[in-house]
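Read the figures in this text as sums done on the coordinates, not as results from a lab. Keep in mind that this is a model prediction, so the values were computed, not measured. Methodologically, a virtual Cβ is constructed for each residue, glycine included, from the backbone with ideal geometry; neighbour enumeration extends over all protein chains shown.
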Amino acid sequence: MTHAAPLLKPVSLGAINAANRVFMAPLTRNRAGEGRVPTDLHVEYYRQRAGFGVVVTEATVVSPQAVGYIDTPGLYTDEQVAGWRRVTDAVHEAGGTIIVQLWHVGRVSHTDFHDGRAPVGPTDANAEGMTFTSDGFVPTSDPRALRTDELAGIVDDFAAAARRAEAAGFDGVEIHGANGYLLEQFLASGVNDRTDRYGGGSITDRARFALQVVDAVSEVIGSSRTGIRLSLGNGTSNAVDPDPGPTLSYLGGQLAERGIAFVHVVEGLEDHVQVTALRDGGWDGPVILNGGYDFERGVATVEAGIADAIAYGRLAIANPDLPARFERGAALSEPDSDTFYGGGAEGYTDYPSLDDGQE
């Protein structure tokens, strides 16, 4: 208990209150039902993990245009709101806190999801990655570069999804600005080759779209319940930026001015350089870190004041009661990677908890 104490203390992220600093990272599991509606499986899966300080849901698309993978949930229809409401009710009844991650994949998609039309992005260059369709993992399709006059509509989609998130009972929203998806495609200097006011060599222009999304979501649910996930510099899905520091510093200052609840960083670079850049730019709010953390490293990072909380991914899949295991020094289960994407209860809701008698 004493050794785990740094991770077990409560923390507030704006108006979002967490009972501990062991957070559940957003995890795409491809199990949504017809119409991209959460099912009974989702209710049980998230209820089991209500002991995490904050549960961040799997990435949830804000519109049909935002889709890039099979069976991922959405938040753009009334049926989806109703499905998510069952999830949030279950988590709240179990004493937990849950926020939704809002998502637009941009060019990391396939024509299969868009009636044969090209997916969209800041550029017409292919992401040269893979996406998950009914045929399994297949190469991404060539995208179409978004027109300047289309961007306001996507900002509106994020705002509408935030409004639906509020109706669904979520405690807050995390904007997905990481992992090579649409917002990071605009931020990344190695991707964004636009010549309008949303791109090119100017950091201000490349960051404009992401900040407009932050502003729109904040206006709906309040800046104190709005966060953003960033991973600039990691190069995921070919969203390359060879020098992310200046852009992250600029974002740090801009996000600080807006007073949002938190920044969630997917670390792929050594020595916390992404967090340092955000801090150097003026970000002085809560930071959540994610990226291969184990118990010992999580304790050390929070204890050193580098992060306010640690988001766990693979460990959250296999250990629905991870905070309790950390507190008791219990053994950890290993996840089955064969069941990560798609399927049913196996590898999703059937991992044992300490209450099942496993120590």
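Mean silhouette area of segment 13-128, derived from the convex hull of its C-alpha atoms and averaged over all directions, reads 8.2 nm². With a ≥ b ≥ c the root eigenvalues of the C-alpha gyration tensor of segment 15-286, is it rounded (a/c under 1.5), prolate (a/b larger than b/c) or oblate? Oblate is the answer for segment 15-286, as a/c is 1.5 or above yet b/c matches or exceeds a/b.
Summed over all non-identical Cα pairs, the Kirkwood treatment of segment 71-198 gives a radius of 16.0 Å. GNM on the chain, alpha-carbon springs under 10 angstrom: the most fluctuating residue among THR133, THR88, THR195 is THR195.
In this rough spin-label picture, where each label sits 7 Å from Cα along the Cβ direction, the ALA118-ARG258 distance is 2.8 nm.
As a length-normalised measure over Cα pairs under 8 Å and 6 or more apart, the relative contact order of segment 15-286 settles at 15 percent. Applying 1/(1 + (r/R0)^6) with R0 = 22 Å to the Cβ-Cβ distance of GLU296 and ALA318 gives a FRET efficiency near 0.80.
Amide H to amide H, with H built 1.01 Å from N, HIS264 comes under 5 Å of ILE228, ARG229, LEU230, ILE288, counting only residues 5 or more places away or on other chains.
Under the simplified labelling scheme, the ARG328-PHE137 pair shows an inter-label distance of 3.5 nm, with each label point 7 Å from Cα along Cα→Cβ. The residues MET24, MET130, when put in order of fewest to most other Cβ atoms within 10 Å, stand as MET130, MET24. Residues VAL240, VAL81, VAL100, ranked from the fewest to the most other C-beta atoms within 10 Å, line up as VAL240, VAL81, VAL100. Length available on full extension from GLU346 to ASP280: 0.36 nm per residue minus the Cα-Cα distance, which gives 19.3 nm. For trypsin sites (Lys or Arg not before Pro), the sites in segment 135-214 that DSSP calls loop and that have at most 12 other Cβ atoms within 10 Å are ARG147.
Label-to-label distance for THR195 and ASP271 is 4.0 nm, based on points extended 7 Å past Cα in the beta-carbon direction.
Only helical runs count toward this figure. For the chain, summing -39,500 (n - 2.57) over DSSP H runs of n ≥ 4 and dividing by all residues gives -9500 deg cm²/dmol at 222 nm.
Distance from the Cα centroid of segment 235-313 to that of segment 176-207 is 18 Å (rounded to whole angstrom).
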